[in-house]
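**Q** Take this structure, written in structure tokens, and hold onto it; I'll ask about it next.
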Amino acid sequence: MRAAVRLLALGLALLLAHTGSAVAATPSAGWEIGSTALPSTFAPGDTGAQYRILAKNAGAAATDGSAVQVRAVLPAGVTVTAIVGDADYVGTTWTCDVATLTCDLVPGFNGPAVKAGQVLPPILLTVTVDAGLSGDVVSGATIEGGGTPAVSTATTTPVGFAPVPFGVRDGSFRAEVVDEAGRAVSELQAGEHPFSVVVGLAVPAARFDDGNGGSYAAPADTVRNVQVRMPAGFYGSTRTAAKCTNDQLALTLGQGAGCPAGSQVGTVDLTLFNGTSLYSWADSQQIAVYNMVPPKGVVADFAFALIGNPVHVRIELDPDDHSLVATIPNVTERFPVLDQRLTLWGTPGDPLHDAERFNPADPFGGLPLPFPGDASPFLTLPSRCGQLDGASVSVSSWGAPGRVSSARTAARTVKGCERQRFGASIGLGMDTTRADAPSGISVRVDVDQQTGWRGLATPPLKDVAVALPEGVSVSPSSADGLAGCFPDQIRLGTDAEPACPDASRIGSVEIATPLLDEPLRGGVFLAQPRANPFGSLIAFYVVAQGSGVTLKLPSRVTTDLATGRVTTTFEQLPQLPFSTFRVRFKGGQRGLLATAPTCGTAAASARLTPWNGSLPAIVIEQPMTTDADGAGGACGASRFEPAFRAGTADATAGRTSPFALAVARPDQHEQLEAISTELPAGLTGRIAAATLCADAAAARGTCPVAAQVGSVQVGSGPGASPLFLDGKVYVTGPYRGGAFGLSVAVPAVAGPFDLGTVVVRAAIFVDPLTTRLRIVSDPFPASLEGIPLRIRDVRLAVDRPGFMLNPTNCSPASVAGQLRSTRGRIATVASRFQVGDCGALRFRPRMTLRAGSRRHRRGGDSTPLEVVLAMSPGQANVRSVSVTLPRTLSARLQVLNTRNACTLQQFRSDSCPIDVGSAVAVTPLLRDPLVGRVALVRNRASRLPDVMVALRGQGDARAVRVELAGKIAITRALQIRTTFAAAPDAPISKFRLSFAAGRHAAIAASENLCSARARRRSIAQLTFVAQNGRRVARDQRIAIAGCRR
């Protein structure tokens, strides 16, 4: 019994898959005839084999009442021994002649006309098979009369002793669109609502021992499971018919009020085995198929009454290709089914089906029952022209549940796509029109659905591509707190409940379809970047559920690498109609999108492509405007006025302290591109406290921990809650002409997104006169993989312990900066800076001087002079030093003559022809000392040259250059005084200045330096001024070298 139901389900599924005939104005009768061999394989010498002939008026009108005859044709070797016509409940039967193999129809009490859909009683021919017969034999049968053209059938029957296997009988599976005359339609019209669909299926019959020395023919095994799969694009709408409840169906079984007439969607004819013989349950008994109220989780449910038992067919949506699948599991073994014929109506309300509609007032008669309502289409053919795959069926039995028998109908041709019409529209709405703001967005797609049953359906939407306006981009801040949905969580191609994390939910969806009473609703989930069907950075899944349907639709999001323009694409949407598709993406401060950064109007564009390949896509543009305040206000002129602040955490003079710099850009201001800043004099870094990162590692952002000097936070995205990413700051060797550099490495990891490490490098320039540090960054990246960063906030901290060192000069100063926008605008900024407690710094410089040598000590000889300044840690740095030599040492005027001095240009290009000495400076800021030369440089404001010292860094500080300028003067007492008035505010452990003796010596002995008189008089006058203003003056005896003891 339920096997029959399974076959009905199969038929229903196939009906949905094969609807396609045009609705004709004039109905007609039409014969259908079939012949079945019992058993399905004849044994040589068998004397009890049978042919069973079954005929039906498959048309939409009754015959004209004239005589009807069936004529059989048997193959050679097969001899008829009896021919008998059965009778039905209304008295219809046959009178048969074994000699002519003919049977004439004897009308029942309903009259001589065979009504539409009526199945005539079966005719049984008992035959004898020759003992020597083998191979295949072909029999035939023809029905004619009733004012309807004759129709014939042929049956091929194997002859042999092989056992009859269970399965779908060869050639028995059929799924055909038929017209009003019951004729199969060979070519289907795209989008048409067919008149009806007929699905037939049979299983082989075998001969069984009856236990009494006889035998009988019955199905080879009992059907257990049946599943029918329709090609994608066939669909049915259960909304067009009323729905019957289980209670109403029970009343129908009991001949009560029963199901509403408007809920009948077709009929079914079955041949069952009742335990003793084959029994035809035909349309004379009005086996109606009803549209039921589906249970929860089921797309549609159809049912009919079989011998007092309800039989249900469950319709589901294939989660992979979204085709319809009809399933009946665990069919009862009580009434094995031999064959079935299911008819579903393309439009149940078509008046041509009134004669077949079950009429409780006339259950065995032919009284038509009109449809109680407006006719609407139930079934629709695919809208994709070309070759269409056939329907398929799979059947298993109770005797061998692990063995599945399958069959498929031939492919069909769909044509006439040019006759369809496609109309659609789209609307987009940002949450706000305020420029440079986070926002959600709502998207609504509407498809104009053709609902008339005599016209062609609107083709379903195949592809949707929506490009947001230029300027609208993915907001970086939206990634904060997000998670991605992995493939094993979404499980595309299945109807399993998605297990996407809550943090991956980025929106909601509602889909209204004419096929279902209620819209499908659900969520939008962010796909795990790269691990999605497209391998893309951004993708999402739309999951919509309801009425037993679960749709999982992946969508690819692309971003233009140059502009950041966002395009979202759905491809290969289900071949099912929808009237409205609404998607809303989350908004708020973490909204997925960022509005255009400036005021103006730009257009979004959409391309909507139908499955009908003959109709053009619809291209739509929608202007979208941004303003200053979300209420239409004008933005005004472009601005770039970022906030800037910088300083040390501990502003105590001479102490080490973390240094912080922060830049903040308001919304709607030009984008930040680069930062250049100059630290105040004396605020410097102890390069010796870190390891300089190699250039290759600095470029990759893979510097060692020993090179890290600080950290950075970068805020990206508009609104009050930008996304902050943490990074590290490393000190490097020379970069882009700077003495040192910085490598700022920020891992671009937010939520599920990992865009690698973003590296921004900066050059550190050391002023040679003041040692002030100027840091110039490279341009910041404007976007990453098409996502504009919209950098709002940069917070840099140089906080390596002991690295940054405060000045020892408490004069007011500032951290100056120049901030550049992406439009080239420069904002000059400054942050006040001043240290305190300078007076608490001690100042105790120690200086030693030594002159003479064994060969350079006599009066008139040039003589070497070495001056050494030593400073212990924790003191104020030296601002100026003045040394007045005693008269025992004099200047060599021929050397000090400005004509012999080099120019400043020569000095700075290391091309002075004469050096008068050398210098070495040791500073705790660097690992290696600064080493340099001493030259005399012309000074246009003085008759005497300046003493200038050019110090060069060594090792990893080789790019450092420091210049010291000393003014030479001759006092009234004819003493040489040299004053270095502007020493940098930098700590010095030791400074050694050596003047050489010889031809180019600048100093000579005025008398024999080894004499007692000279020794007494060799006292230098020293004056020191500290950066904190302290002054120290003392007399310092000069040590004389080279004297005999």
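**Q** Considering only the stretch 58-69, I want to know if a residue exists there that is in a strand (DSSP E or B), out of contact with any Asp or Glu (no Cβ under 6 Å at 6 or more places or on another chain), surrounded by 15 or more Cβ atoms within 10 Å (Cβ to Cβ) and touching a residue at least 24 places away in the same chain (Cβ under 8 Å).
**A** Within the stretch 58-69, one or more residues are in a strand (DSSP E or B), out of contact with any Asp or Glu (no Cβ under 6 Å at 6 or more places or on another chain), surrounded by 15 or more Cβ atoms within 10 Å (Cβ to Cβ) and touching a residue at least 24 places away in the same chain (Cβ under 8 Å).
**Q** As an exercise: evaluate Gly633 against (1) small (Gly, Ala, Ser); (2) touching a residue at least 40 places away in the same chain (Cβ under 8 Å); (3) not assigned by TED's automatic domain parsing to the domain that holds Asp431 and give the number of the one condition it does not meet.
**A** Condition (2) is where Gly633 drops out.
**Q** Out of the residues in the stretch 385-403 meeting the condition of being touching a residue at least 40 places away in the same chain (Cβ under 8 Å) and of a type outside the set (Gly, Ala, Ser), tell me which one is nearest to Thr458 (Cα to Cα).
**A** Checking each candidate, the answer is Cys385.
**Q** I'm checking my understanding of the structure. Among residues of the stretch 165-175 that are at negative phi and not hydroxyl-bearing (Ser, Thr, Tyr), which one is farthest from the chain's Cα centre (by Cα)?
**A** Once the filter is applied, the top-ranked residue is Pro165.
**Q** Now for a separate question. Here are some residues: Ala217, Ala162, Ala190. Which one is small (Gly, Ala, Ser) and either more than 60 Å from the chain's Cα centre (by Cα) or not assigned by TED's automatic domain parsing to the domain that holds Asp46 (or both)?
**A** Exactly one residue qualifies, and that residue is Ala217.
**Q** Just name the residue that is surrounded by the fewest Cβ atoms within 10 Å (Cβ to Cβ) out of those in the stretch 679-715 that are hydroxyl-bearing (Ser, Thr, Tyr) and farther than 21 Å from Gly817 by Cα.
**A** Thr702
Okay, residues lined up against (1) over 18 Å from Asp480 (Cβ atoms); (2) surrounded by fewer than 21 Cβ atoms within 10 Å (Cβ to Cβ):
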{"site": "Val749", "(1), (2)": "no, yes"}
{"site": "Asp754", "(1), (2)": "no, yes"}
{"site": "Val760", "(1), (2)": "yes, no"}
{"site": "Pro788", "(1), (2)": "no, no"}
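**Q** Search the stretch 183-206 for residues being among the small types (Gly, Ala, Ser) and in contact with a strand residue (DSSP E or B) (Cβ under 6 Å, 6 or more places away or on another chain), and hand back the single one that is farthest from Ala154 (Cα to Cα).
**A** My answer is Ala190.
**Q** For the stretch 94-123, which positions are crowded, with 18+ Cβ neighbours inside 10 Å, modelled with pLDDT of 90 or more and part of a strand (DSSP E or B)?
**A** Trp94, Cys96, Cys103, Leu105, Ile123
**Q** Take the stretch 200-214 and flag every residue that is in a loop (DSSP other than H, G, I, E, B) and more than 55 Å from the chain's Cα centre (by Cα).
**A** Correct list: Asp210, Gly211, Asn212, Gly213, Gly214.
**Q** Continuing with the same structure: Quick test for you: out of Val197, Val159, Val178, Val185, pick the one residue that is over 30 Å from Thr451 (Cβ atoms) and among the aliphatic types (A, V, I, L, M).
**A** Among Val197, Val159, Val178, Val185, only Val159 is over 30 Å from Thr451 (Cβ atoms) and among the aliphatic types (A, V, I, L, M).
**Q** Let me ask something else about it. Enumerate the strands (runs of 3 or more DSSP E) found wholly within the stretch 826-903, keeping only those where 2 or more residues are under 26 Å from Val931 (Cβ atoms).
**A** Answer list for the stretch 826-903: 846-851, 865-870, 878-884, 889-891.
**Q** Looking only at the stretch 294-312, how many residues end up being under 38 Å from the mean Cα position of the chain (by Cα) and of a type in the set (Val, Ile, Thr)?
**A** 2
**Q** Here is a further query. Quick one: which of Ala876, Ala959 is aliphatic (A, V, I, L, M) and either within 27 Å of Ile1040 (Cα to Cα) or buried (at least 22 other Cβ atoms within 10 Å of the Cβ) (or both)?
**A** Residue meeting the stated conditions: Ala876.
**Q** Go through the stretch 904-930 and count every residue that is assigned to a helix (DSSP H, G or I) and within 17 Å of Gly966 (Cβ to Cβ).
**A** Summing the residues that are assigned to a helix (DSSP H, G or I) and within 17 Å of Gly966 (Cβ to Cβ) in the stretch 904-930 gives 3.
**Q** Out of Val731, Val759, report the one residue that is farther than 30 Å from Gly535 by Cα, aliphatic (A, V, I, L, M) and in contact (Cβ under 8 Å) with a residue 24 or more places away in the chain.
**A** Going through Val731, Val759 in turn, just one is farther than 30 Å from Gly535 by Cα, aliphatic (A, V, I, L, M) and in contact (Cβ under 8 Å) with a residue 24 or more places away in the chain: Val731.
**Q** Checking Leu661 against (1) crowded, with 17+ Cβ neighbours inside 10 Å; (2) in a loop (DSSP other than H, G, I, E, B), which single condition isn't satisfied?
**A** The one condition Leu661 does not meet is (2).
**Q** Any idea which of Ala437, Ala411 is without any contact (Cβ under 8 Å) to a residue 60 or more places away in the chain, over 23 Å from Val164 (Cβ atoms) and either surrounded by fewer than 21 Cβ atoms within 10 Å (Cβ to Cβ) or in the same structural domain as Val464 (by TED's automatic domain parsing) (or both)?
**A** Going through Ala437, Ala411 in turn, just one is without any contact (Cβ under 8 Å) to a residue 60 or more places away in the chain, over 23 Å from Val164 (Cβ atoms) and either surrounded by fewer than 21 Cβ atoms within 10 Å (Cβ to Cβ) or in the same structural domain as Val464 (by TED's automatic domain parsing) (or both): Ala411.
**Q** Take Val331 and decide whether it is surrounded by 18 or more Cβ atoms within 10 Å (Cβ to Cβ), under 27 Å from Pro294 (Cβ atoms) and among the β-branched types (Val, Ile, Thr).
**A** When the stated conditions are applied, Val331 passes them.
**Q** Still on this structure, I have one more. Out of curiosity, is Ser405 surrounded by 22 or more Cβ atoms within 10 Å (Cβ to Cβ), among the polar types (S, T, N, Q) and modelled with pLDDT under 95?
**A** Judged against the criteria, Ser405 is not a match.
**Q** Output the qualifying pairs, or none if there are none: Cβ atoms under 7 angstrom, residues six or more apart or on different chains, first residue in the stretch 204-220 and touching a residue at least 12 places away in the same chain (Cβ under 8 Å), second residue among the hydroxyl-bearing types (Ser, Thr, Tyr) and part of a strand (DSSP E or B).
**A** Arg207/Ser215
**Q** Please go through the stretch 389-431 and pick out each residue that is more than 25 Å from Arg334 (Cβ to Cβ) and either among the charged types (D, E, K, R) or in contact with a helix residue (DSSP H, G or I) (Cβ under 8 Å, 6 or more places away or on another chain) (or both).
**A** Selection gives Asp389, Ala391, Arg408, Thr409, Arg412, Lys415, Glu418, Arg419, Arg421, Asp431.
**Q** Still on this model: Which numbered condition trips up Glu187, out of (1) loosely packed, with under 15 Cβ neighbours inside 10 Å; (2) of a type outside the set (A, V, I, L, M); (3) more than 28 Å from Pro459 (Cα to Cα)?
**A** Going through the list (1) loosely packed, with under 15 Cβ neighbours inside 10 Å; (2) of a type outside the set (A, V, I, L, M); (3) more than 28 Å from Pro459 (Cα to Cα), Glu187 breaks only (3).
**Q** Here's another thing I want to ask about it. Of all residues in the stretch 790-807, which are assigned to a loop (DSSP other than H, G, I, E, B), touching a Pro at 6+ places or on another chain (Cβ under 8 Å) and surrounded by 23 or more Cβ atoms within 10 Å (Cβ to Cβ)?
**A** If the condition is that a residue be assigned to a loop (DSSP other than H, G, I, E, B), touching a Pro at 6+ places or on another chain (Cβ under 8 Å) and surrounded by 23 or more Cβ atoms within 10 Å (Cβ to Cβ), then Arg790, Pro807 are the ones that fit.
**Q** Tally the residues that are within 21 Å of Gly160 (Cα to Cα) and surrounded by 15 or more Cβ atoms within 10 Å (Cβ to Cβ), restricting the search to the stretch 70-93.
**A** Counting residues in the stretch 70-93 that are within 21 Å of Gly160 (Cα to Cα) and surrounded by 15 or more Cβ atoms within 10 Å (Cβ to Cβ) gives 5.
**Q** Let me ask something else about it. Can we say Val445 is closer than 24 Å to Trp611 by Cα, among the hydrophobic types (A, V, I, L, M, F, W, C) and at pLDDT 95 or above?
**A** yes
**Q** Thr240 passes all but one of (1) at pLDDT 90 or above; (2) surrounded by 24 or more Cβ atoms within 10 Å (Cβ to Cβ); (3) of a type in the set (S, T, N, Q); which number fails?
**A** (1)
The values are calculated or read from the model by the stated rules, or taken from the named source; none is laboratory data. A quick note: this is a predicted structure, and the numbers were derived from the prediction, not measured. All Cβ positions, glycine included, derive from the backbone under ideal geometry; neighbour counts span all protein chains shown.
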